[in-house]
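Step one of this worksheet: look at the structure below.
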Amino acid sequence: MTEAVVLVHGLWLGGWVCSLLDRWLHAAGFGVHRFSYPSTRETLSANAARLSRFANAIDAPVVHFVGHSLGGLVAVKSQLDHPERRSGRIILIGSPFAGCQAARKLETHALGHALLGRSLRQWLAERPAAWTGPRQLGVIAGTGRIGIGRIVAPHLPRPNDGVVTVEETRVPGAADHIVLPVSHTGMLASRRVAEEAAHFLCHGRFLHAPA
């Protein structure tokens, strides 16, 4: 039976944003499922519980999770609060596991508190120091430097993907970490990101092949 991959979108978006990643991972042999959730209205805990229920309804022997930006944090929280009984791996794509300077800056602006939403604010307040779950976790970071983060925080430390710095993506306890020349949003339209993700899901490590 085909292994399943659950794609989890980021802040302000929906499952539609993962369409290309869906297509490429499907072509790589995975059964792909797109999870949508209210990224600003609900807490991280509530969305993590939603993701767990969504995954439980998938009929597959192996269930992987691939989350972009906030979506990766939702996936991590879901596995910490509601561990999936089946095997599988987790990939965080541009996820600010170690905090987010751009988000902190946005919160100081008018309406910024509401724009960040309850899920990201909960992560920033309660984030774990490291990944301690049983699943292998891989991280993809970008250096494209195109994104709203550079407007909100013009002095965002380099390297960054335009929203999240490479240092903010680092996860103590991760199995592998790779940095690619892609922007925060462009990660979802990158075939290279999809190829690296598929390799990690199969082998527990990235290709680290030259571009």
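The values are calculated or read from the model by the stated rules, or taken from the named source; none is laboratory data. Not measured: the values here are computed from a predicted model. Note that each Cβ is placed from the backbone with ideal geometry, even for glycine, and that neighbours are counted across all protein chains shown.
One line per residue, one yes/no per condition, for (1) outside any loop (DSSP other than H, G, I, E, B); (2) farther than 14 Å from G15 by Cα; (3) of a type in the set (V, I, T); (4) modelled with pLDDT of 95 or more:
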| site | (1), (2), (3), (4) |
| --- | --- |
| G29 | no, yes, no, yes |
| H33 | yes, no, no, yes |
| Y37 | no, no, no, yes |
| R41 | no, yes, no, no |
| A46 | yes, yes, no, yes |
| A49 | yes, yes, no, yes |
| R53 | yes, yes, no, yes |
| I58 | no, yes, yes, yes |
| V66 | yes, no, yes, yes |
Legend entry - Considering residues of region 165-194 that are assigned to a helix (DSSP H, G or I) and in contact with a Phe, Trp or Tyr (Cβ under 8 Å, 6 or more places away or on another chain) only, the residue nearest to R205 (Cα to Cα): A194
Legend entry - Subset of region 36-62 [of a type outside the set (G, A, S), surrounded by 22 or more Cβ atoms within 10 Å (Cβ to Cβ) and touching a strand residue (DSSP E or B) at 6+ places or on another chain (Cβ under 7 Å)]: L51
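Among what's in region 1-19 and is within 25 Å of S87 (Cα to Cα) and assigned to a helix (DSSP H, G or I), pick the residue that is modelled with the lowest pLDDT. So that I can check it myself, show each step before the final result.
Initial filter on region 1-19 (within 25 Å of S87 (Cα to Cα)): 1-10, 15, 18-19.
Cutting the leftovers down to assigned to a helix (DSSP H, G or I) gives us 15, 18-19.
Details: G15: 89, C18: 96, S19: 96.
That would be G15.
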Inset, instruction - Just one of (1) farther than 15 Å from W131 by Cα; (2) in contact (Cβ under 8 Å) with a residue 24 or more places away in the chain; (3) touching a Gly at 6+ places or on another chain (Cβ under 9 Å) trips up R86, so point out which. - result: (3)
Legend entry - Candidate set: region 187-207, residues that are in contact (Cβ under 8 Å) with a residue 60 or more places away in the chain and aliphatic (A, V, I, L, M); chosen: the one farthest from H26 (Cα to Cα): M187
Inset, instruction - Inspect region 79-92 for any residue being part of a helix (DSSP H, G or I) and crowded, with 18+ Cβ neighbours inside 10 Å and give the result as yes or no. - result: yes
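What residue, among those in region 120-158 that are of a type in the set (A, V, I, L, M) and assigned to a loop (DSSP other than H, G, I, E, B), is modelled with the highest pLDDT? Step through it out loud before you land on a result.
First, the residues of region 120-158 that are of a type in the set (A, V, I, L, M): 120, 124-125, 129-130, 137, 139-141, 146, 148, 151-153, 156.
Remaining after also requiring assigned to a loop (DSSP other than H, G, I, E, B): 129-130, 146, 148, 153, 156.
Working: A129: 95, A130: 98, I146: 66, I148: 61, A153: 61, L156: 87.
For region 120-158, the residue satisfying everything is A130.
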